[in-house]
Each structure stands twice: as structure tokens, then as C-alpha cells.
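Novice: The following block contains the structure, expressed as C-alpha cells.
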Amino acid sequence: MRAARLSAWRAPLELVAAPDPAPPAGGVVLRVLACGICRSDWHVWTGADPDVALPHIPGHEFCGEVVATGAGVTRWRAGDRVIAPFILACGACPDCAAGHQTTCAHQVLPGFTAPGAFAEYVAVDHADANLAALPGGVAPDLAAALGCRVTTAWQALTGRAALAPGEWLAVIGGGGVGIAALLLARALGARVVVVDVVQEKLDFAQRLGADAVVDAGRRDAPEAVQEITSGGAHVALEALGTAETTATALKSLRKLGRMVQVGMPAGDHATMTLPWDVVYSGQLAIYGTRGMPAWRYPPLLDLIADGRVDLSPLVTRRVALSEVTGELAAFDRPAPPGVAVVTDFTA
Ligand SMILES: [Zn+2]
Ligand SMILES: [Zn+2]
């Protein structure tokens, strides 16, 4: 199969002929229909993700068509179109039994700990426990984001911070996950203020229904959010994983507010200095979040299938495998609005 392989940190991905994967016991092989390019892939590319060993095929935001099933798979057969969360939980341990698949100790992560989907085919472990049928009306390029960014935002808002209708959400970082959070929060009946330093991204957020935007390069972002929301956001979603944006998220909250750390703090940002006086005096709650358990797909897919949320504006670039490196390098600077999805696996 054709695959994009990373052999050295920050080097261009090489287009290589790699062996076709075989279905693992309990797993399937998918022909990849689309695979998003996410900031987490940039962490892989730069060497900041400690889970990754080279050489490696990245790509964790995929959907595909089942082409082969391993022993013991009962829910899926060749021809089924499916999406998979990027955390493939075992489905059998106490964490999984309790519904906490994202903390499963036996999880497999295609694109991180296993070969990913910047390739024509990808193997998916624990298929019965993780895959969800791709609804007929959802195009593969939109569905790709349901493996990571959209599901991560959904879990952050509904599974962690319990965002309620009428509440204010402050999104710190208007990239892929931030824009997904904006669209979902609006569908949930919340009001949303998006904070970024790129005017283009703020314009994009406003076109997609943000109630307000704040250019953090031009004014004090927490002060602006406090003013817009008459006393602070109820929930803040940090979408970059840096010390500065995490501090902004905390300081943008009202008393008793909830902050969700969605961005992955990596490299120099793994240990941060933060305004803990604000946490103390505001009696704030802080949630970590990572991925989404597969059992939480149905209400999200219903929202999309019913047309209550339109994810189509999220995908702004459809690219070929050979263009992945350029998209990864774009995360070095504030990236352009919207997300890029690989839809051409032949070039
Ligand atoms: Zn498990
Ligand atoms: Zn991702």
C-alpha cells in the first residue's frame, strides 16, 4: 500500500510502498476514505509526543471502509463504512466496563503507538468495542474529524464540563478543535466567545456563529472576555496546550467556572506556571480531557444527521498524501483557518 512515513523528526514524510496490514484478532482493516491532519500529528512530527517511535506512519483522524475482519469480530463485515475514535479501548477491562474507555490501560492508538492512517489501509484493533457506523448522510471528509477534533470537543463540553444552554463558553484557540467546540456549543444552546491572535481565524469564527471574538494580540483577552460575558465565562476550553493560553482560559472564567484542558501540553509546556490565585479565589474547577469513549458517538451523530450542527465549514482543505508535510509545517506558525483532510491517497 502507499503510505506517508516519518523517518526523522521534522523531516518531510516519505511516500513509500509499505506492507498491507493484516486484521488483528478482534480487529479489522479499513481502506482509508479520509484522514484529518491535526495538531497532535504536528506533535508527532516534531518529536514532542513521547509515545511515538520512528519510523512511523502518522494519522489518527480517519474513517474508512472495512475490507477485512479478524477472528472474533461480530459487529462488522467487509463493505461497512465506519469511524473510529483515536483511542481504541480494549472493551474488557474495569475502566472500559465503567464507561471510561479513554483511560483504558490496554488502549491502542493508531498514528501514535501503532501505524496510522496517512496510508491507503489501516488496521483497527478492538473493532467491536470501538467502531461506529458512518451515517449515510455524512461525507467521509467531514467524518474524518469525528475521530479526534469533533469528538474531543464533544467530550470536553458534554462529558467533562457539562456545558448548559444559555451558558457562556470561552474558546481559547480558534483552530480545528476550537471551531468544532464553537459549532457544537452553539447547537447545545450556549453562547460562545472565541479568542485567538489571527484575525482570519476570528473572522472565520464569527461567520460560523460566534457571539463574540477577541483578538488576544490587540487587547487583554481575559479582561475582554469578562466584559463580553458580564463577569466571565461559565466554561473555558483551552485548545492549544500552552502556558499563556491556559492562563488566559483560567482568567476568563467567572467564579465557580470550569476550565477544560483540551490542548496537549507538550515539550516546554508540559510543566506550566499558572495563576493559581485565580483558581483559589474563583473556586474554579479544572478538567483534563483526552479523546471520547465510543459509546458517546450516538447523540453526537444524531445531532449531525438531524442537521442541528453542520460540520462542513470545518474542512477548508482537501489534500493528497504528498501535501501532509506542508500542512504539518503550517502548525509551526498560527495555522490558516479550518482543517485539512487527506482525501487523495494516490498522490
Ligand atoms: Zn479497557
Ligand atoms: Zn487529533
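Just so it is clear, none of the values below were taken in a lab; they were calculated from the coordinates. In this text the structure is predicted, and so the values were computed from the model without any measurement. Positions of Cβ are generated from backbone atoms using ideal geometry, with glycine treated the same way; all protein chains shown enter the neighbour counts.
Novice: For the chain, taking Cα atoms only, what is the radius of gyration to one decimal and the Dmax to the nearest whole Å?
Specialist: 19.4, 58
Novice: Okay, next question. Compute the helix-to-body angle for 176-187: its Cα long axis versus the longest principal axis of the chain, expressed 0 to 90° and rounded to tens.
Specialist: 70 degrees
Novice: Moving on to the next point. Any idea what % of Cα-Cα pairs in the range 246-313 are farther than 13 Å?
Specialist: Above the 13 Å cut-off, the range 246-313 has 73 percent of its Cα pairs.
Novice: Still on this structure, please answer the following. Only Lys, Arg, Asp and Glu count, each charged at its Cβ (+1, +1, -1, -1), so figure out the dipole size of the chain about its Cα centre, rounded to 20 debye.
Specialist: Its charge dipole is roughly 440 debye.
Novice: Let me have the 222 nm mean residue ellipticity of the chain computed from DSSP H runs of 4+ only, each contributing -39500 (n - 2.57), with the sum over all residues rounded to the nearest 500.
Specialist: -6500 deg cm²/dmol
Novice: Tell me the volume per residue, in Å³, of the convex hull enclosing the alpha carbons of the range 1-89.
Specialist: Convex hull volume per residue, Cα atoms: 106 Å³.
Novice: What is the diffusion coefficient of the range 181-231 in µm²/s, taking the Kirkwood radius over Cα pairs and the Stokes-Einstein relation at 37 °C with a viscosity of 0.692 mPa s?
Specialist: D = 296 µm²/s.
Novice: Determine how many Å³ per residue the convex hull of the Cα atoms of the range 1-155 encloses.
Specialist: About 107 Å³ per residue, rounded to a whole number.
Novice: Right, next: Would you mind checking the radius of gyration and Dmax of the range 107-230 based on alpha-carbon positions, in Å?
Specialist: When restricted to the Cα atoms of the range 107-230, Rg and Dmax are 17.1, 50 Å.
Novice: Which value, in Å to one decimal place, does the Kirkwood hydrodynamic radius take for the range 111-184 when every pair of different Cα atoms is included?
Specialist: Result for the range 111-184 stands at 14.5 Å.
Novice: Could you point to the residue in Gly288, Ser230, Thr271 farthest towards the positive end of the chain's charge dipole, with +1 and -1 charges on the Cβ of Lys/Arg and Asp/Glu respectively?
Specialist: Looking along the dipole axis, the top candidate is Ser230.
Novice: Still on this structure, I have one more. Calculate one ³J(HN,Hα) per residue across the range 249-266 by plugging θ = phi - 60° into the Karplus curve 6.51 cos²θ - 1.76 cosθ + 1.60, and present them in order as whole Hz with x for glycine and proline.
Specialist: Coupling constants for the range 249-266: 4, 4, 6, 8, 7, 7, 4, 6, x, 10, 10, 10, 7, 9, x, 8, x, 10 Hz.
Novice: Also: Would you mind checking which residues have amide H under 5 Å from Gly116's amide H? H placed 1.01 Å from N; only 5 or more apart, or other chain.
Specialist: Residues meeting the amide H criterion: Ile57, Gly111.
Novice: Right, another one. As a test, work out the antiparallel percent of DSSP beta bridges whose residues both lie in the chain, rounded to the nearest 5.
Specialist: Counting only bridges with both partners in the chain, antiparallel ones make up about 50 percent.
Novice: Let me ask you something else. May I ask for the equivalent-ellipsoid semi-axes of the range 79-128, computed as the square root of five times each C-alpha gyration tensor eigenvalue and listed largest first in whole Å?
Specialist: 21, 13, 7
Novice: Once the mean 1/r over all distinct Cα pairs of the range 171-264 is inverted, what Kirkwood radius in angstroms do you read off?
Specialist: 12.6 Å
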